[in-house]
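Peer 1: Sharing a structure with you now.
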Amino acid sequence: MTNSGRNPHRFDQTFLGATELDDELIKQLPKEVLLRVFSYLDVVSLCRCAQVCKYWNVLALDGSSWQKINLFDFQRDIEGPVIENISQRCRGFLKSLSLRGCQSLGDQSVRTLANHCHNIEHLDLSECKKITDISTQSISRYCTKLTAINLDSCSNITDNSLKYLSDGCPNLMEINVSWCHLISENGVEALARGCVKLRKFSSKGCKQINDNAIMCLAKYCPDIMVLNVHSCETISDSSIRQLAAKCPKLQKLCVSKCADLTDLSLMALSQHNHLLNTLEVSGCRNFTDIGFQALGRNCKYLERMDLEECNQITDLTLAHLATGCPGLEKLTLSHCELITDDGIRHLTTGSCAAEILSVLELDNCPLITDRTLEHLVSCHNLQRIELFDCQLITRTAIRKLKNHLPNIKVHAYFAPGTPPAVTSGQRPRYCRCCEIL
């Protein structure tokens, strides 16, 4: 066969013709429809579309297409003029903006943002270390529809910021001031009084947050669902008990490193907070089996529990959780030194084990042996297990577990054996590093 009868440029002509036809068809679509399509694109895609042609440039840069912006995935360190340009372009269309980690961002840029984008609802300024209370003052003055703000690691933020937000943002439902070391009970009280719709509050690492702050949240914000006071070391049973009694919708609670808490807190939670699904109590060394027995009896929806360094709990805790928490998905028992193979056996016979339990962390549980891995064979959904420093676990048992659960990730290490004595010649060199499976 020969191609002598064919036009060598026919394919190119057809292709180019189709492209021009497509362009004409696109232009015939209503602008509102095209803008709706563009509204689903991220920042990177919009910028690429803006380079296609003049018509697409107009559509891509239309403010209505920029309702949700996350610049962290696009460019880590955004300069102030870029933010100001975006603010002027988006204006009232912008509803969600993440500037997480923008180290160069200052108060002037945030002031411009607030002045132009009055309808913003979600704002992430975490790790923007240059911003101060001046930024939050501007936000509270112009962004009255704000419902969520993240100020994590904004170290210059003080109680004044919480007072500004309390005065100007009555619809605020979520706030994160973790690692803002200047925040104290005074700021939290002002926030709680003015933002009674608050649902989520996080103050991880804020050493000045105390019982009075938690009691104010409990008193004025009864709809609290998520509370993170990790490392707020002065918090005691009195505030947690009041929180439990006045906030029945509580679902997620982190009190890790609040070392003064006792079983009284756990019993209060079990009595009032039946919707609790996540509990992190790492480092709460005063908790015992008594408290977790109460939780297992009444908190049927628990899915994730971090009990690391709760070193007074025994196998009885696992027996209570196995019978009372059918949805338990992730359990951390690291440094719980009284846990034995029998406790794991109780856990694996519970209703959660076979199909729900996916992560089990047993680092530094010295009484755990190969029998534990034999019990875990029945946990068909188990995806990861941590066994660092479980010195009675052998490689053989791990291999057997992986034969039954081929997709499981086992993290463990074994100290190398003592090298044999060398009587002559140069001593061989042995690696003393850990071997991670």
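The values are calculated or read from the model by the stated rules, or taken from the named source; none is laboratory data. Please read all numbers here as calculations on a predicted model, not as lab measurements. Cβ: placed from backbone, ideal geometry, glycine included. Neighbour counts: every protein chain shown. When the accessible area is computed, the model is the full protein with side chains, heavy atoms only, and any ligands, DNA or RNA have been set aside. Shrake-Rupley method; radii C 1.70, N 1.55, O 1.52, S 1.80 Å.
Peer 1: When only residues in region 148-162 that are in a loop (DSSP other than H, G, I, E, B) and open to solvent by less than 10 Å² (accessible area, probe 1.4 Å) count, which is nearest to His116 (Cα to Cα)?
Peer 2: Filtering first and then ranking leaves Leu151.
Peer 1: Given the criteria buried (at least 20 other Cβ atoms within 10 Å of the Cβ), at pLDDT 95 or above and not in a strand (DSSP E or B), does Lys145 qualify?
Peer 2: no
Peer 1: Please state which one of Leu227, Leu165, Leu191, Leu198 is farther than 24 Å from His272 by Cβ, of a type outside the set (Phe, Trp, Tyr) and either open to solvent by less than 50 Å² (accessible area, probe 1.4 Å) or touching a strand residue (DSSP E or B) at 6+ places or on another chain (Cβ under 8 Å) (or both). So that I can check it myself, show each step before the final result.
Peer 2: Numbers: Leu227 fails: farther than 24 Å from His272 by Cβ; Leu191 fails: farther than 24 Å from His272 by Cβ; Leu198 fails: farther than 24 Å from His272 by Cβ.
Within the list Leu227, Leu165, Leu191, Leu198, the selection yields Leu165.
Peer 1: Moving to a separate point now. Return yes or no: is Asn176 more than 23 Å from the chain's Cα centre (by Cα) and open to solvent by 30 Å² or more (accessible area, probe 1.4 Å)?
Peer 2: On the way: more than 23 Å from the chain's Cα centre (by Cα): no; open to solvent by 30 Å² or more (accessible area, probe 1.4 Å): yes.
Considered against the rule, which asks whether it is more than 23 Å from the chain's Cα centre (by Cα) and open to solvent by 30 Å² or more (accessible area, probe 1.4 Å), Asn176 comes out as no.
Peer 1: Got a number for residues in region 121-137 being touching a Phe, Trp or Tyr at 6+ places or on another chain (Cβ under 9 Å) and open to solvent by less than 20 Å² (accessible area, probe 1.4 Å)? Steps first, please.
Peer 2: Taking region 121-137 as the starting set, the residues that turn out to be touching a Phe, Trp or Tyr at 6+ places or on another chain (Cβ under 9 Å) are 124, 133, 136-137.
Going one step further and asking which of them are open to solvent by less than 20 Å² (accessible area, probe 1.4 Å), we end up with 136.
Residues meeting the conditions: 1.
Peer 1: If a residue has to be in contact with a strand residue (DSSP E or B) (Cβ under 6 Å, 6 or more places away or on another chain) and assigned to a loop (DSSP other than H, G, I, E, B) to count, how many in region 121-142 make the cut?
Peer 2: Filtering region 121-142 down to residues in contact with a strand residue (DSSP E or B) (Cβ under 6 Å, 6 or more places away or on another chain) leaves 122-124, 126.
Imposing the further condition that a residue be assigned to a loop (DSSP other than H, G, I, E, B) reduces the set to 126.
Qualifying residue count, region 121-142: 1.
Peer 1: Let me ask another. Please find, within region 53-94, the residue that is modelled with the lowest pLDDT out of those that are assigned to a helix (DSSP H, G or I) and β-branched (Val, Ile, Thr).
Peer 2: The extreme case among them is Val58.
Peer 1: Quick one: in region 116-174, which of the residues that are touching a Gly at 6+ places or on another chain (Cβ under 8 Å) and among the basic types (Lys, Arg) is farthest from Gly187 (Cα to Cα)?
Peer 2: Checked region 116-174; the qualifying residue farthest from Gly187 (Cα to Cα) is Lys130.
Peer 1: For region 278-394, list the helices (runs of 4 or more DSSP H) that sit wholly inside it and hold at least 3 residues that are open to solvent by less than 30 Å² (accessible area, probe 1.4 Å) and under 15 Å from Leu266 (Cβ atoms); which are they?
Peer 2: Ranges flagged: 289-298, 315-324.
Peer 1: Now for a separate question. Given the condition within 24 Å of Lys207 (Cα to Cα) and touching a residue at least 24 places away in the same chain (Cβ under 8 Å), answer yes or no: does some residue in region 291-300 qualify?
Peer 2: Taking region 291-300 first, the residues within 24 Å of Lys207 (Cα to Cα) are none.
Looking through region 291-300, none of the residues is within 24 Å of Lys207 (Cα to Cα) and touching a residue at least 24 places away in the same chain (Cβ under 8 Å).
Peer 1: Which numbered condition in (1) farther than 29 Å from Cys232 by Cα; (2) at pLDDT below 95; (3) out of contact with any strand residue (DSSP E or B) (no Cβ under 8 Å at 6 or more places or on another chain) is the only one that Leu113 fails?
Peer 2: Against the list (1) farther than 29 Å from Cys232 by Cα; (2) at pLDDT below 95; (3) out of contact with any strand residue (DSSP E or B) (no Cβ under 8 Å at 6 or more places or on another chain), Leu113 comes up short only on (3).
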